[in-house]
Structures are given as structure tokens and as C-alpha cells.
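Student: Following this message is one structure expressed as C-alpha cells.
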Amino acid sequence: MELVARPSLTPDDAGCQRLIAGRLLPLGFDVEWFLCGDVSNVLYTRGRGSPSLWFLGHTDVVPAGPEELWTFPPFQPGLRDGALYGRGVADMKGAVAAMVVALETFVQQHPDHRGQIGLLLTSDEEGAAVDGTVRVAEEIKRRGQRPDFCLVGEPSSQVALGDTVRIGRRGSIYVRLKINGVQGHTAFPEKLDNPVHRLAPFLQDLLDQKWDPGDDEFPASHCQVAWIKAGTGAGNVTPASVELLVNFRNGPASPAKEIQARFNQLLHRHGIGNFEAEWKITGEPFRSPAGELRQAVEAAVENILGQTPDQNTGGGTSDGRFLAPLGSEVVELGLINSSIHQVDERTPVTDLDRLYATYYDVIRRLLS
């Protein structure tokens, strides 16, 4: 509740990370800050060597939306019918709190534990994600440092706590396409070039593409149109250009270069030559090979939560994509995601206690 009460709208940490530092430093954790502009990143570690397990999370949250629609003010957490309400309680301050208490408990019970335990936090996960975990990953790569295991606290659960864990994530690619034409009067089609008419068959072809069939762990890659913009607002004037934003969610079978090549081939096929395209890759797909962390998470979920979790790569992107390329085994386990980013974001209080116990059991299995 203390974390949720801090209005840490991305990229503002609003003091969350210092609150956590106040709990972990007395237990012998080292703290290192990685400040990048308005973004606050912090790494708390205790011990050295292998095995090393770092938790990964974020303290920033998305805007609350219309506050008058909330049961409780979004940054004044409240309890109702066994659930805790507040912006960020499920995504992902509840998991961060569970991580912190699990680390505290483990150190108190195993002060001479082997290896290293840690917690890496950023305030730039919900926003641009350019000065957050990616910057820390770049620095620890430069140092030749990485954790053996990385457990991400993103809200992976669907209906019941622990019913789903993520063992990788799809990539995310954006392309902003502008097709230019010749503006004119709607009554004189011979004197104009309507770019919307050029776009229409291309767009249908794009949406009909089968990028790949997917596999046992990755769904088929696909694309979605996020927005389209054209016209002056006048009913008798055709647009001079049309713009659209397309988002691809891709698996390893369709890397970014292949998607870009096929996209350009479609433009050529439809005779679209006067265009501008800006590409942005916000995440590459990754899949962590099964290892000790996956085994420990599966065993802990079955032991504490009584679930046999579905192991998949669904959902959006997560900051695990920045640690996986370093060679860390990455698994994601967190709270139920049914209310994240919504008005009245909430989580059952009992799930907070059970998630803490599950995280503790994972640490115990790997480091005690």
C-alpha cells in the first residue's frame, strides 16, 4: 500500500525505489543507482558469484484515467471484498512488494546464503522504455556481469494465480507509413491521385498475409493497424496523403528484417512508389531454454499454489527481453492481469501473500 500510494506515473519513480532501499540496505544489500535523465533505475544485490538470481520489475505506472470512476482514489489504495484497489497494484507494485518481502525473509533465515540475490527496478517500463532496464543491461554487459537467473514479476496469471508463466516473449515492431498522392476535387478524379485508394488493396493484402505458423511456444506472428489518418475534413476534397501506424507482434520465425522485406515487396506489388516508411523495433522475440529457473518456478507454483502452469510466450513485451540476450535464463511469474491498466485495478489480498510465498520458495530452491 505504501508503494501504491506513491503516484509514480512513468517515468517518475516518486520515491518507490528509495522506500525499498530503506528496507533492504539494513539487511546487507548493496545498492547501485543508474540514473538516466528523468528515469531512475536501481540494482540491489547481496552476495557474490553463482548461482545468482535477480528479480526484475518496475515501479512506474500508467495514468489512472477518470478518477471519479474509481471505487477508491487511484493513489489512495483501499480494501473491498478481500481485494486491494489502486493504480499499479497488479502491474506491478504488488509483485515488487512480494519480491522485497521474499528477499527479506530469505536473508533473515539464510544470512550466509550461497551465491547472489538481487532486485533490478526501473521507472521506465510503461513509457518509452529507452532509458530503463535496457541501459542497465548495456552497462552490466560492458562489465561482463549478468545474473544466471532472472525472474520477472509481470502479471502473467490469467484467471488464477500461477496458472500461466512466460518463458519468452514475442517481438514488437512498428512501422509508420505515409503514402503521398495528389489532392483534388472529388468531382474530377482524372485530376487527382487519391492515396487512400492506393492504400486500400495494399492494406487488405497486408492483413491477409500469413507471416508464419508459430510453434509450440510462440503463436503465429501477426500485424494490427493502430491508426489511420487522412483528409482535410472537407467533403469535396481528396487527401494529399494518408498515414497509418502498423504494429507487428513477431516470433523468431519472422525476424524484423524479413518482415520489412515482405512489407516492401507488398508496396511494390501494388505500385506504391511515393511513400515514406519509418520503422521502430521495440523488442526482439526471445525464448529462454528450459533450465534450473524454469524447474524451480514450476515446482514452487505447484507446491504453493497447487497449479500446473501453462508455459507460453503470450502477452506484450516485457523487460525480460533485455536480460535474455546476456545469457540469463528468464521466466515471468506475477499476479492476475485481468484489471491491469483499467479503472479499479485490483488484486486479491490473499494473492499477494501467496505470490510472496512462491517467490520465497523459488529463492530457496535455487540458493539455499
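The values are calculated or read from the model by the stated rules, or taken from the named source; none is laboratory data. In this text the structure is predicted, and so the values were computed from the model without any measurement. Quick reminder, even Gly has a Cβ in these numbers, built from the backbone with ideal geometry, and neighbours come from all protein chains shown. Note: accessible area is taken over every heavy atom of the protein model, side chains too, but ligands, DNA and RNA are not part of it. Shrake-Rupley method; radii C 1.70, N 1.55, O 1.52, S 1.80 Å.
Student: Which one of these is in contact with a Leu (Cβ under 9 Å, 6 or more places away or on another chain) and of a type outside the set (A, V, I, L, M, F, W, C): 132, 88, 82? Before you say what the answer is, go through the steps one by one.
Tutor: Working: 132 fails: in contact with a Leu (Cβ under 9 Å, 6 or more places away or on another chain); 82 fails: in contact with a Leu (Cβ under 9 Å, 6 or more places away or on another chain).
Exactly one residue qualifies, and that residue is 88.
Student: Checking the structure you have, find out if any residue of region 282-289 is more than 19 Å from residue 244 (Cα to Cα), under 22 Å from the mean Cα position of the chain (by Cα) and without any contact (Cβ under 8 Å) to a residue 60 or more places away in the chain.
Tutor: Applying the first criterion (more than 19 Å from residue 244 (Cα to Cα)) to region 282-289 yields 283-289.
Applying the additional criterion that residues be under 22 Å from the mean Cα position of the chain (by Cα) yields 283-289.
The next check asks that each one be without any contact (Cβ under 8 Å) to a residue 60 or more places away in the chain; those that pass are 289.
Yes: region 282-289 contains one or more residues that are more than 19 Å from residue 244 (Cα to Cα), under 22 Å from the mean Cα position of the chain (by Cα) and without any contact (Cβ under 8 Å) to a residue 60 or more places away in the chain.
Student: Residues of region 27-57 being outside any strand (DSSP E or B) and farther than 30 Å from residue 292 by Cα, which ones?
Tutor: Hits for region 27-57 are 37, 38.
Student: Moving on to the next point. Which number in (1) under 20 Å from the mean Cα position of the chain (by Cα); (2) farther than 26 Å from residue 135 by Cα; (3) not hydrophobic (A, V, I, L, M, F, W, C) marks the one condition that residue 306 misses?
Tutor: (1)
Student: Could you please give the count of residues in region 129-157 that are closer than 21 Å to residue 172 by Cα and free of Cβ contacts under 8 Å to residues at least 12 places away in the same chain?
Tutor: Residues in region 129-157 being closer than 21 Å to residue 172 by Cα and free of Cβ contacts under 8 Å to residues at least 12 places away in the same chain: 2 in total.
Student: Identify all residues within region 75-123 that are farther than 28 Å from residue 65 by Cα, touching a His at 6+ places or on another chain (Cβ under 9 Å) and of a type in the set (Val, Ile, Thr); write none if there are none.
Tutor: 107
Student: Then there is this: Looking at this structure, is residue 118 out of contact with any helix residue (DSSP H, G or I) (no Cβ under 7 Å at 6 or more places or on another chain), closer than 28 Å to residue 312 by Cβ and buried (at least 19 other Cβ atoms within 10 Å of the Cβ)?
Tutor: Yes; evaluated as a whole, the condition is true for this residue.
Student: Give 154, 139 a once-over and let me know the one that is open to solvent by 30 Å² or more (accessible area, probe 1.4 Å) and at pLDDT 95 or above.
Tutor: Within the list 154, 139, the selection yields 139.
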